[in-house]
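Below is one structure, written out as structure tokens; comments come after it.
The values are calculated or read from the model by the stated rules, or taken from the named source; none is laboratory data. Please read all numbers here as calculations on a predicted model, not as lab measurements. Backbone-built Cβ (ideal geometry, glycine too); neighbour counts: all protein chains shown. Calculation scope for accessible area: heavy atoms of the full protein, side chains included, ligands and nucleic acids excluded. Shrake-Rupley method; radii C 1.70, N 1.55, O 1.52, S 1.80 Å.
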Amino acid sequence: MKQIIYIVSIVLGLAACGTTKKGQESQQAIVKITFCADSAYLFCQQQCDFGPRIMNSDAHELCAQWIEDKFTQYGYQTTLQKTDLKGYDGTILKSTNIIAQSPLTRQKEESGQAILICAHWDSRPWADNDPDSANWHKPVLAANDGASGIAVMLELARLLQQNDSLNIAVDFLCFDAEDWGVPQWSNLSDGDSWALGAQYWATNPAPLVPSRYRYAILLDMVGGQGAKFYQEGFSLQHARPIVDKVWQAAHAAGYGSFFPMQAGGYVTDDHVPVNEQAHIPCIDIINHYPDCPQSSFGPTWHTVYDDMEHIDRNTLEAVGQTLVQLIYSE
């Protein structure tokens with residue numbers, strides 16, 4: 001997925017679920033609606049049960065249908081944006097962006113009356129960062145790098161259906177073809193080979209109307225063990241007020257330890273075309289491991305170990321409850 005371009009870190013000033021933690025570092029009123037980490041964990045597992053959701057595979061098509069069905073179940077109007085994209089190696093990729101629109105979106109026609117939450121759902125075809133070179137051509141199960149973001153979004157959709165006292169509409173966008181970027185074992189170099197589905201949608205946004213969105217949030221690798229979410233560079237560049245709003249919500253909800261008030265670095269990810277082509281202020285909530293020798297994206301990134309054994313309910317809860325705090329505070 002993401003081409004690694006961390007340039008520099010700048011320090012800046014349906015199971016039983018637990019109760020929401022009370023924040024100590026913010027004056028925001030605490031939202032009492034509780035994000036269910038067990039439910040999100042199940043959604044993550046159900047995606048992985050299809051196997052790696054690599055482009056042009058049966059698992060990919062079956063999982064797309066499952067994601068669409070879940071959003072429909074929770075009252076969302078879904079659209080499948082299908083197109084053929086060309087991978088870095090010339091492979092024609094049968095891509096499907098999955099769009100889920102809230103009933104509220106169709107009622108709020110004026111600008112700035114909705115939020116867009118995004119994640120990619122495809123799997124990396126090659127475990128090209130695995131410590132064992134024998135695994136470099138094996139597909140990645142992508143429990144964290146793909147499934148976790150979709151899982152958080154599905155649990156949010158479920159909660160929003162049950163707790164519909166919102167002042168703003170929330171739509172969801174599942175990007176495809178994010179992780180077909182040039183593998184490390186290739187001699188090629190192409191920064192535009194990542195985030196292909198997002199690039200396509202950003203210039204072909206229908207049926208969504210970009211002007212309706214106050215801002216957008218991208219979720220990427222939001223379920224890993226020991227994860228922390230530093231403030232990503234392009235997010236600060238394009239949408240600093242949204243970064244501030246989200247990190248304040250995390251601290252209000254009691255998850256400030258997961259969201260340090262520090263910059264991580266710049267990441268080529270789906271939020272870049274959302275900012276630059278669709279012109280929606282968009283931030284990236286993405287894990288950053290500054291002390292991990294294998295990768296600043298964490299020890300399982302693009303390895304065969306990106307599986308359910310390395311998914312942490314606490315991380316899913318921290319991100320999910322932060323978004324609940326944010327959405328219901330609007």
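For the pair GLN294 and LEU62 in one chain, pulling the backbone fully straight at 0.36 nm per residue adds 80.3 nm over the alpha carbon distance. Each listed q (0.14 Å⁻¹) maps to a log10 I(q)/I(0) for segment 34-159 from the Debye sum over equal C-alpha point scatterers, namely -0.68. Of the residues PHE258, ALA278, ILE115, the one whose Cα sits farthest towards the positive end of the charge dipole of the chain is ILE115 (charges of +1 on Lys and Arg Cβ, -1 on Asp and Glu Cβ, taken about the Cα centre).
Surface composition of the chain: carbon plus sulfur atoms hold 49% of the accessible area, using a 1.4 angstrom probe and ignoring ligands, DNA and RNA. When segment 79-195 is described by a simple charge dipole with +1 on each Lys and Arg Cβ and -1 on each Asp and Glu Cβ, the residue from GLY191, PHE175, PRO131 located farthest towards its positive end is PHE175. Taken about its Cα centre, the chain carries a charge dipole of roughly 940 debye when the Cβ of each Lys and Arg holds +1 and the Cβ of each Asp and Glu holds -1. Rounded, prolate or oblate, given the Cα gyration tensor of segment 226-324, with a/c below 1.5 counting as rounded? Judged from the Cα gyration tensor, segment 226-324 comes out oblate (a/c at least 1.5, b/c at or above a/b). Once the C-beta distance of ASN187 and ALA29 is scaled by a Förster radius of 45 Å, the resulting FRET efficiency is 0.25 to the nearest 0.05.
Oblate is the label for segment 176-248. Its Cα gyration tensor axes, ordered a ≥ b ≥ c, give a/c of at least 1.5 and b/c at or above a/b. The three principal axes of the Cα atoms in segment 61-115 give end-to-end lengths of 43, 26, 13 Å, sorted in falling order.
Size of segment 112-189 from its Cα atoms: along the principal axes, largest to smallest, the extents are 52, 23, 15 Å.
Spin-label pair ASP69-GLN162: with each label point 7 Å from Cα along the Cα-Cβ axis, the two points sit 2.1 nm from one another. The length gained on full extension between LYS245 and ASP38, counted as 0.36 nm times the residue separation minus their Cα-Cα distance, comes to 71.9 nm. A simple charge model with +1 on the Cβ of Lys and Arg, -1 on the Cβ of Asp and Glu and nothing else charged puts the dipole of segment 199-330 at about 480 debye relative to its Cα centre.
Spin-label model, ASP132/MET308: points 7 Å from Cα along the beta carbon direction are separated by 2.1 nm.
Cα centroid separation, segment 294-313 to segment 173-192: 18 Å. Taking 25 °C and 0.890 mPa s as conditions, the chain diffuses translationally at an estimated 127 µm²/s according to Stokes-Einstein applied to its Kirkwood radius (Cα pairs).
Dimensions of segment 153-288 based on its C-alpha atoms, expressed as ranges along the principal axes with the largest first, amount to 51, 37, 26 Å. Each distinct pair of alpha carbons in segment 275-330 adds a 1/r term; the inverse of their mean, the Kirkwood radius, is 13.9 Å.
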